[in-house]
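Enquirer: Before I ask anything, let me first share the structure, which is written out below as structure tokens.
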Amino acid sequence: QVSVALKEGQVTPTQLCQRCLALIRSTKFLNAYITVAEETALKQAEESEKRYRRGQPLGVLDGIPVSVKDNFNTAGIETTCASNMLKGYISPYNATVVQKLLDQGAVLLGKTNLDEFAMGSGSTDGVFGPVRNPWSYSRQYKEKSVSKSHSEDEESNWVITGGSSGGSAAAVSSFTCFAALGSDTGGSTRNPAAHCGVVGLKPTYGLISRHGLIPLVNSMDVPGILTRCVDDAAVVLGSIAGHDPKDSTTIQDNFMPFELPDLTDVSKLSIGIPKEYHAPGLSSEILALWSKAADLFKDAGAKVIEVSLPHTRYSIVCYHVLCTAEVASNMARFDGLEYGHRSDMNESTESMYAATRREGFNDVVRGRILSGNYFLLKQNYENYFIKAQKVRRLIANDFVKVFRSGVDILLTPTTLSDAVPYMEFIKEDNRTRSTQDDILTQAANMAGLPAVSVPTALSEKGLPVGLQFIGRSFQEKQLLTIAKWFEKQVKFPMIQLEEVKRLDHGVFQHQKSASFS
């Protein structure tokens, strides 16, 4: 819709950019952004405006404001990974996905907040402080939460965004941009999408280039897409997917961007409900929504069947071993020599290394490096790392078997509950939290499958709840078509934020999803 408004001249790219920048300023308390690239963004908007005047826009994304998680390299804009280790680091090149967005004329507003080095599930552990969920300040949540004195309540009652791409999810949810990039290693795009009431897509491993994404777990990392509706996710996917000579793990075939058809008949579809996803700790509210969603498909004529993915119960342990092992390997590059923070300790090279990593990394990152190195010790390698790799293959095979049996798509919850208040979230340590929060999402990463979280309803507390669809490898079109049909049926309500209402003059009010496709 905004793309059409730009083409028809109802709004100019500069006006749109200024409006989003004003919203970023007025929602600064959310802490969604680490860096706002105001000057660069306005220059890009100006260039876009010239193209529109000539009648030669570069495509649907031309002039559209977007944000990028701060673990993607951006030339000329600081990339910190929310860590002291990379504070002040400015990359000499753009990540492939960032470059592709800029080549399409997108306007890059800034870099969004995250857990340090994307290790976490709350966006609370970065060095720039926690991200606040925009829904904490929505009319829907305020009406449901029991007020003490108003100011005290607002300060202690705000809820987390989920993570680790919480900044990107909050940025999209609070209307400061129209799409954002996150990364997804074990659910880091889908988890915050579910908590912030936006669409979070984790594409098939290898469909999108990882070049320039600072790695966490090379064999599972995927750039993720956060938007306010499913159609928009398909548009962004079309712009950034495809082979990249700089990333040997990307597909060789050409990727053809697609428009999502309007699905009217779901009677030929087979929807799988994996019984293992009825996990311990799953809230009764989410369980009820999951059943309701399955009934929605059934009532529309689709075949809904219970399926089994028997190795799911081992997946979180297996994920933890593989994740920390690869983290230990990846973090070795931050030694204080080539880039990033360097300690003043100069007694010896070894002491400089040690001091640099002690000062640069937080406890969570150091803890994962220690665990990973333990699993990779010669005496443990066979028992932990190799065994976990074998279990990973069994988990991937479970999915293959289910899809071979004629199931088109799997429907599962995305999270165990709605977003929890920050004060409650930090009572447990990062590892415990990540284990709980990744339980429903990480298996898709281990199997390399595409998955999307779609906002479904508001909980009794007035907070968003999302459900997840998992598809076959490289069948993003089918996955998103079904997700779009589902989105249409559930009619998820738009967030009602006072800050947006005050600043907005119409562009965000077209329709519930303020989509640009």
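Enquirer: Set the bar at 24 Å for Cα to Cα. Now go through 69/461; 303/484; 69/427; 100/390 and name every pair that lies beyond it.
Expert: Details: 69/461 28 Å; 303/484 18 Å; 69/427 26 Å; 100/390 36 Å.
Pairs exceeding the cut-off: 69/461; 69/427; 100/390.
Enquirer: Another question, then. Along segment 350-366, what does the Karplus equation 6.51 cos²θ - 1.76 cosθ + 1.60 (θ = phi - 60°) give for ³J(HN,Hα), rounded to whole Hz, x for Gly and Pro?
Expert: 4, 5, 5, 3, 4, 5, 4, 6, 5, 6, x, 9, 7, 4, 5, 5, 4
Enquirer: Based on the mean of other Cβ atoms within 10 Å per residue, sort peptides 249-256, 197-204 so the most packed one is first. Each step should come with its number before you reach the end.
Expert: Numbers: 249-256: 12.8, 197-204: 30.2.
Highest to lowest by the protection proxy: 197-204, 249-256.
Enquirer: A further question on this structure: Obtain the nm distance between the two label points defined at residue 298 and residue 259 by a simple spin-label model: each point lies 7 Å from its Cα along the Cα-to-C-beta direction.
Expert: Using points 7 Å along Cα→Cβ, the separation is 3.6 nm.
Enquirer: Which of the peptides 315-328, 120-133 is most tightly packed, and how do the rest follow, going by the mean number of other Cβ atoms within 10 Å of each residue? Working shown, then result.
Expert: Details: 315-328: 22.8, 120-133: 25.4.
Top to bottom by mean Cβ count within 10 Å: 120-133, 315-328.
Enquirer: Tell me, how many Å apart are the Cα centres for segment 314-341 and for segment 211-279?
Expert: Using only Cα atoms, the two centres lie 25 Å from each other.
Enquirer: Same structure again: From the residues 264, 493, 249, which one has its Cα farthest along the dipole of the chain in the positive direction, the dipole being from +1 and -1 charges on Cβ of Lys/Arg and Asp/Glu about the Cα centre?
Expert: Of the candidates, 264 comes out farthest on the positive side.
Enquirer: Give, rounded to the nearest 20 debye, the magnitude of the charge dipole that segment 1-105 has about its Cα centre when Lys and Arg contribute +1 at Cβ and Asp and Glu contribute -1 at Cβ.
Expert: On the way: 12 positive and 10 negative charges, 26 e Å.
That gives a dipole near 120 debye.
Enquirer: In percent, how large is the relative contact order of segment 234-293, given Cα pairs closer than 8 Å and 6 or more residues apart? Let's see the in-between values first.
Expert: Values: 27 pairs, mean separation 15.0, N = 60.
Answer for segment 234-293 is 25 percent.
Enquirer: Sticking with this one: Which aspartates and glutamates, on any chain, are close to residue 202 with Cα under 15 Å apart, when same-chain ones fewer than 8 places away are left out?
Expert: Within the straight-line cut-off, residue 202 pairs with 184, 221, 231, 232, 438, 476.
Enquirer: Something else about it: For segment 87-148, what value does the Rg/Rh ratio take when both radii are computed over Cα atoms and Rh is the Kirkwood radius, given to two decimals?
Expert: Checking Rg against Rh, the ratio lands at 1.13.
Enquirer: Give me the percent of Cα-Cα pairs in segment 267-313 that sit more than 18 Å apart, rounded to a whole number.
Expert: Values: 383 of 1081 pairs.
Summing the P(r) tail past 18 Å for segment 267-313 gives 35 percent.
Enquirer: Give the lysines whose C-alpha is closer than 16 Å to that of residue 401, dropping any in the same chain fewer than 8 places away, or say none.
Expert: 275
Enquirer: Of 358, 404, which has the most accessible area with a 1.4 Å probe, and how do the rest follow in descending order? Before the final figure, lay out each step's value.
Expert: Numbers: 358 135, 404 195 Å².
Most to least solvent-accessible, the answer reads 404, 358.
Enquirer: Summing -39500 (n - 2.57) over the DSSP H runs of n ≥ 4 in the chain and dividing by its residue number, what mean residue ellipticity at 222 nm do you reach, to the nearest 500 deg cm²/dmol? Numbers along the way, then the final one.
Expert: Numbers: 20 runs with 207 residues, N = 517.
It lands at -12000 deg cm²/dmol.
Enquirer: Can you give me the relative contact order of the chain as a percent, contacts being Cα pairs under 8 Å and 6 or more apart? Intermediate results must be reported in sequence, preceding the final value.
Expert: On the way: 1171 pairs, mean separation 98.5, N = 517.
With pairs under 8 Å counted, the relative contact order is 19 percent.
Enquirer: Based on the inverse mean of 1/r over its pairs of different Cα atoms, what is the Kirkwood hydrodynamic radius of segment 318-404, in Å? Present the calculation step by step, with values, prior to reporting the outcome.
Expert: On the way: mean 1/r = 0.0677 Å⁻¹.
Roughly 14.8 Å, rounded to one decimal.
Enquirer: Next question, about the same structure. So what is the diffusion coefficient of segment 157-249 in µm² per second by Stokes-Einstein at 37 °C and 0.692 mPa s, using a Kirkwood Rh over Cα pairs?
Expert: Numbers: Rh = 13.2 Å.
Reported coefficient: 249 µm²/s.
Enquirer: Per-residue counts of other Cβ atoms within 10 Å, averaged by peptide: what ranking do you get for 186-195, 333-342, highest first? Spell out each step's value before the answer.
Expert: Values: 186-195: 35.0, 333-342: 16.5.
Highest to lowest by the protection proxy: 186-195, 333-342.
Enquirer: Still on this structure, please answer the following. Suppose every Lys and Arg Cβ carries +1 and every Asp and Glu Cβ carries -1, with no other charges. What dipole size does the chain come out with about its Cα centre, to the nearest 20 debye?
Expert: Numbers: 54 positive and 56 negative charges, 167 e Å.
Dipole magnitude for the chain comes out near 800 debye.
Enquirer: Something else now. Only bridges whose two residues both fall in the chain count here: according to DSSP, what percent of them are antiparallel, nearest 5? Don't skip to the answer; put the middle values down first.
Expert: Numbers: 33 of 48 bridges.
Antiparallel bridges make up about 70 percent of those DSSP assigns within the chain.
Enquirer: Quick one: work out Rg over Rh on the C-alpha atoms of segment 27-131, Rh as Kirkwood radius. If you can, show how the numbers build up before the last one.
Expert: Working: Rg = 14.7 Å, Rh = 14.4 Å.
With Rh from the inverse mean 1/r over Cα pairs, Rg/Rh is 1.03.
Enquirer: I've got another one for you. Between residue 358 and residue 144, what is 0.36 nm times their sequence separation minus the Cα-Cα distance? Round to one decimal in nm.
Expert: On the way: separation 214, 0.36 × 214 = 77.04 nm, distance 4.36 nm.
Length gained between residue 358 and residue 144: 72.7 nm.
Enquirer: Further question on the same structure: So between residue 460 and residue 291, what do we pick up on full extension, going 0.36 nm a residue minus the alpha carbon distance?
Expert: The residue 460-residue 291 span can extend by a further 59.2 nm.
Enquirer: What Kirkwood Rh does segment 154-195 have if only Cα atoms enter the pairwise 1/r average? Answer in Å.
Expert: Working: mean 1/r = 0.0953 Å⁻¹.
Computed over segment 154-195, the radius equals 10.5 Å.
Enquirer: Tally Lys/Arg at +1 and Asp/Glu at -1 over every other residue whose Cβ is under 13 Å from the Cβ of residue 389; what's the total? Don't jump to the answer; show the numbers that get you there.
Expert: Numbers: positive: 387, 390, 392, 393; negative: 326, 382.
So the surrounding residues net to +2.
Enquirer: Of all DSSP beta bridges in segment 196-320, what percent run antiparallel (nearest 5)?
Expert: The antiparallel fraction comes to roughly 45 percent.
Enquirer: At 1.4 Å probe size, with the rest of the protein present, what percent of the exposed accessible area of segment 176-296 is carbon and sulfur atoms? Write out the running numbers ahead of the final one.
Expert: Numbers: 2100 of 3890 Å².
Its accessible area is 54 percent carbon and sulfur atoms.
Enquirer: Report the relative contact order of segment 12-134, percent, no decimals, based on alpha-carbon pairs under 8 angstrom and at least 6 residues apart. Write down the numbers at each step before the final one.
Expert: Numbers: 225 pairs, mean separation 39.2, N = 123.
RCO, segment 12-134: 32 percent.
Enquirer: Report the label-to-label distance for residue 275 and residue 246 in nanometres (one decimal), using points 7 Å from each Cα along the Cα→Cβ vector.
Expert: Going by the 7 Å Cα→Cβ label model, 4.8 nm.
Enquirer: Let me see the pair-distance distribution of segment 381-501: every alpha carbon pair, 10 Å bin width, integer percents in order.
Expert: Per 10 Å bin, starting at 0, the Cα pair percentages come out as 11, 32, 32, 20, 5, 1.
Enquirer: For segment 4-45, state the semi-axes of the equivalent ellipsoid (square roots of 5 times the eigenvalues of the alpha-carbon gyration tensor), sorted largest first and rounded to whole angstrom.
Expert: Details: eigenvalues 100, 29, 9 Å².
Over the Cα atoms of segment 4-45, the ellipsoid semi-axes are 22, 12, 7 Å.
Enquirer: Separate question: Once R0 is set to 25 Å, what does the formula 1/(1 + (r/R0)^6) return for the Cβ-Cβ distance between residue 89 and residue 29, expressed as a FRET efficiency to the nearest 0.05? Walk me through the numbers before you get to the answer.
Expert: Details: r = 26 Å, r/R0 = 1.05.
Taking R0 as 25 Å, the efficiency between residue 89 and residue 29 is 0.40.
Enquirer: If you average over every viewing direction, what projected area does the convex hull of the Cα atoms of segment 274-425 give, in nm²? It would help to have the intermediate numbers written out before the result.
Expert: Working: hull surface 54.1 nm².
Average projection, Cα convex hull of segment 274-425: 13.5 nm².
Enquirer: Also: Report the convex hull volume per residue for the chain, counting only C-alpha atoms, in Å³. Don't skip to the end; give the middle numbers.
Expert: Values: hull volume 75.1 nm³, N = 517.
Considering the Cα atoms of the chain, their hull volume per residue is 145 Å³.
The values are calculated or read from the model by the stated rules, or taken from the named source; none is laboratory data. If you're wondering where the values come from, they're calculated on a predicted model, not measured in any experiment. Cβ atoms come from the backbone with ideal geometry, glycine included; neighbour counts cover every protein chain shown. Keep in mind that these areas ignore ligands, DNA and RNA; they rest on the heavy atoms of the full protein, side chains included. Shrake-Rupley method; radii C 1.70, N 1.55, O 1.52, S 1.80 Å.
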